[in-house]
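Rule-based calculations on the coordinates, nothing more; no lab input. Source: prediction; values computed, not measured. Quick reminder, even Gly has a Cβ in these numbers, built from the backbone with ideal geometry, and neighbours come from all protein chains shown.
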Amino acid sequence: MSSTTPPLDSSQSPRFRRRSDRVSYWDRPPAPRDWRFVVGGAGRLMVWLGVMMFGFVAYQLWGTGINTARDQRAMAEVFEQTVGGSDASNGQAETTDGEPTTPKQEPALTANEVADLEVSSIVPGAVNLSSVAVEQNIPRPIPGQALFRLQIPAINKDLFVVPGVKLSDLKKGPGHYPDTPMPGQLGNAAIAGHRTTYGAPFGEVGELNEGDKIIITNLAGENFVYLVTSTEIVQPRDYWVVTTRDPTVAELTLTSCHPKRSARQRFVVHAILDPTQSAQVGKASFYTLDRSASDDSDDAETASEIEDDPVVDDTTDTAVDGDNTVVREVDADVFTQGWFDDPGAWPQIALWGLALLAVMAGAYQLAKWRRSILLGLVVGVVPYVVISYFWFENILRLLPPGL
């Protein structure tokens, strides 16, 4: 006698029943308002905060460099037009691998002439150039526009430096301390730059060695070659590193935060002018930035419009001669900024934060209406990322610049 087993109804299988009995996310009853609701909400909040923290770190490392790269490209175009528009016009040569080399120009002094000059007793390796210094006709600096070109072949850097060392200045690239002489002039010309954020223009300055070249090209198309003499690490309040030690020699100082991703100390690079590879050194001159008008306004002056307007010393400081150190005070740079030093950031943080919440709420309501979580994610992700960018930008204003 044979027995037969009736066919199993697939609709009655456990697997099918589990699927058919599954309740849609949008049809589920509200979760009970007990401790599980609180713990679950706290967990979701912690996950969101963790994702946003990773996003903020990514913004610091890469996002801040987006606008900086754009500003550098714009300044490069204006600078090339100002100095002649070609490497041949300003004497700049490049190797086959694209790295800048020593400018091909007639040096102001020969090695024999330099050997006849008096050696500085204050700055090791430097010579007294006061007897050969001339007045320079340099256009008046405009906030946010290129002041000169800075090239460091050893670390493959080709940058455009803006006047000023405020946070808004250093977002565009390295900044020149206004209360120090211009590069190519007697005295200590000082430049500040970030090591991690905003394109990290000085990210590799720690790799510079004695004898490495730093090439400066000013708006007049003149080239000045500095040779690195030393590096050191100092405290944030050690402003003496950017003051002039000997007003008869030409020095260059680069400053940045140290260690990377911290503003605890300063990394400093010292260099002296090599007159045998440079144009005629100039007498020290200083400038005062006029920030009353935006450089983006319709009536803002362009570099070509002020080409014949030279830099003048607007200060009332008395001249310093001999071997005395220049006592001219230097404005604090952006690296002295600490936590929550920019109260103007709070309204912007609140505004963009509310916009972020609005996008999240709108995406959720769309997903609920169409009963599709995927649709809400697809529609909301682009505005969420864009608004997060501006939110992070203002949060960064509350942090020390080295973070």
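How much net charge surrounds Ala76 when only the other residues with a Cβ under 9 Å from the Cβ of Ala76 are counted, with Lys and Arg +1 and Asp and Glu -1?
Details: positive: Arg73, Arg149; negative: Glu77, Glu80, Asp158.
Once positives and negatives cancel, what remains is -1.
Tell me the label-point distance for the pair Trp240, Ala358, using the 7 Å Cα-to-Cβ offset, in nm and rounded to one decimal.
Simple spin-label model gives 5.4 nm for this pair.
Under the Karplus relation 6.51 cos²θ - 1.76 cosθ + 1.60, θ = phi - 60°, what is the ordered set of whole-Hz ³J(HN,Hα) values for region 69-78, x standing for Gly and Pro?
Values per residue, Gly and Pro as x: 4, 5, 5, 5, 5, 5, 5, 4, 5, 5 Hz.
Lys and Arg at +1, Asp and Glu at -1: add these up for the other residues within a Cβ distance under 14 Å of Gly376 and post the number.
Around Gly376, the surrounding residues sum to +3.
Could you tell me the distance between the Cα centroids of region 164-191 and region 336-380, to the nearest Å?
Cα centres, region 164-191 to region 336-380: 37 Å.
Quick query: amide H of Lys157 versus all other amide H atoms, modeled in the peptide plane; which residues come in under 5 Å with a sequence gap of 5 or more or a different chain?
Here Ile152 satisfy the definition.
For Val134 and Val381, what does the FRET efficiency come to when R0 = 60 Å and r is the distance between their Cβ atoms, rounded to the nearest 0.05? Intermediate values should be presented prior to the final figure.
Numbers: r = 60 Å, r/R0 = 0.99.
Computed FRET efficiency for Val134 and Val381: 0.50.
Stretched out fully, how many nm does the piece from Lys283 to Ala115 gain, at 0.36 nm a residue minus the Cα gap? Present the calculation step by step, with values, prior to reporting the outcome.
Working: separation 168, 0.36 × 168 = 60.48 nm, distance 2.07 nm.
Additional length available on full extension: 58.4 nm.
Where nothing but the Cβ of Lys and Arg (+1) and of Asp and Glu (-1) is charged, how large is the charge dipole of region 181-287 around its Cα centre, in debye to the nearest 20?
460
Do any GluC sites (Glu not before Pro) in region 160-211 lie in a loop, going by DSSP, with at most 15 other beta-carbon atoms within 10 Å of their beta carbon, and if so which? Spell out each step's value before the answer.
Working: sites: Glu204, Glu207, Glu210; in loops: Glu204, Glu210.
Loop-located and lightly packed - Glu204, Glu210.
Can you compute the modelled spin-label distance between Leu351 and Ser24, with each label point 7 Å from Cα toward Cβ, in nm?
Label at Leu351, label at Ser24, 4.0 nm between them.
Identify all lysines with a Cα-Cα distance to Lys157 below 23 Å; exclude those on the same chain that are fewer than 8 residues away in sequence.
Within the straight-line limit of under 23 Å, Lys157 reaches these lysines: Lys104, Lys166, Lys171, Lys172, Lys213, Lys260.
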